[in-house]
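The values are calculated or read from the model by the stated rules, or taken from the named source; none is laboratory data. None of these values were measured; they are calculated from a predicted model. All Cβ positions, even for glycine, are placed from backbone atoms using ideal geometry, and neighbour counts span all protein chains on display. Areas reflect the complete protein model, heavy atoms only, side chains present, ligands, DNA and RNA absent. Shrake-Rupley method; radii C 1.70, N 1.55, O 1.52, S 1.80 Å.
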Amino acid sequence: MPTSAEAAQIEQQAGQLIAFRDSMTAEAPLQATPSARTEAVRAAAEEDAQTMSGGVVDRSDVVVLENGDGLIVREGLRGSGLEPISNRAVFFDRDGRRTTTVEYAFRADGAGGGSLDVWQDHELRYSNAISKDRADAALTAAERASKGFWAKLNDCLSKQNVNAWALAILAGVCGAACVATAGTACAVCIGATIGFPSGVVTSCIAMASR
């Protein structure tokens, strides 16, 4: 049995998962259509290859997303023990000026859990880890309020080698931002998952929402 403090933390994480679900389904950026503008911002994002995680930008895994009047260039990160969902999201305003760069480094712990480090403009903004038991408990609590969403989402993502702990820990970063603000803070988080290779996360969310 978890202690009262542990139970409260699990319930908090479950609430963050539910908020993250709502933001993923309602506020997710859309993939931008090819144009001179999208090619220009993609090229601008690729000019800076420096990463804080030690990962290498995967030039074969780049997608440009629409974020209101601006654009996000989401680039996959590989190597240095990183999970496939690890990425760098470079944000541009409506005039094509870079506004911020956010880097997400997911690493498994070998025991069913993992950690996430987030850098914004080369400064470490967040670092946390979650155990398999804590992630499973939070997902179970969230599932009770989600009417099957999390069970379907996790089943879909697990078949694509996206671990449940990665979404659980990301929700802890993004849930509050997406609820409290509309716009950049939420989009920074959503930009980290939407646009996963082959649209895996997007298609799984759509399937789970039915």
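Right, Cys156: assigned to a helix (DSSP H, G or I), under 18 Å from the mean Cα position of the chain (by Cα) and at pLDDT below 75 or not? Considered against the rule, which asks whether it is assigned to a helix (DSSP H, G or I), under 18 Å from the mean Cα position of the chain (by Cα) and at pLDDT below 75, Cys156 comes out as no. On inspection, Ala164 fails the criterion of being more than 18 Å from Glu103 (Cβ to Cβ), open to solvent by 20 Å² or more (accessible area, probe 1.4 Å), of a type in the set (A, V, I, L, M) and at pLDDT below 75.
If you filter the range 55-67 down to residues that are free of Cβ contacts under 8 Å to residues at least 40 places away in the same chain and open to solvent by 40 Å² or more (accessible area, probe 1.4 Å), you find that the one that is farthest from Asp121 (Cα to Cα) is Ser60. When you scan the range 133-141, do you find a residue that is among the hydrophobic types (A, V, I, L, M, F, W, C) and part of a strand (DSSP E or B), even just one? No: zero hits. Exactly one residue out of Ala28, Ala7, Ala105 is modelled with pLDDT under 90 and within 18 Å of the chain's Cα centre (by Cα), and it is Ala28.
Inside the range 96-128, residues that are in a loop (DSSP other than H, G, I, E, B) and either more than 24 Å from Ala43 (Cβ to Cβ) or open to solvent by less than 30 Å² (accessible area, probe 1.4 Å) (or both) make up a count of 5.
Only one entry of Leu65, Leu71 meets the criterion of being among the aliphatic types (A, V, I, L, M), touching a Gly at 6+ places or on another chain (Cβ under 6 Å) and in a strand (DSSP E or B), and that entry is Leu65. Just one of the listed residues (Gly15, Gly70) is small (Gly, Ala, Ser), touching a Phe, Trp or Tyr at 6+ places or on another chain (Cβ under 7 Å), surrounded by 13 or more Cβ atoms within 10 Å (Cβ to Cβ) and at pLDDT below 90, and it is Gly70.
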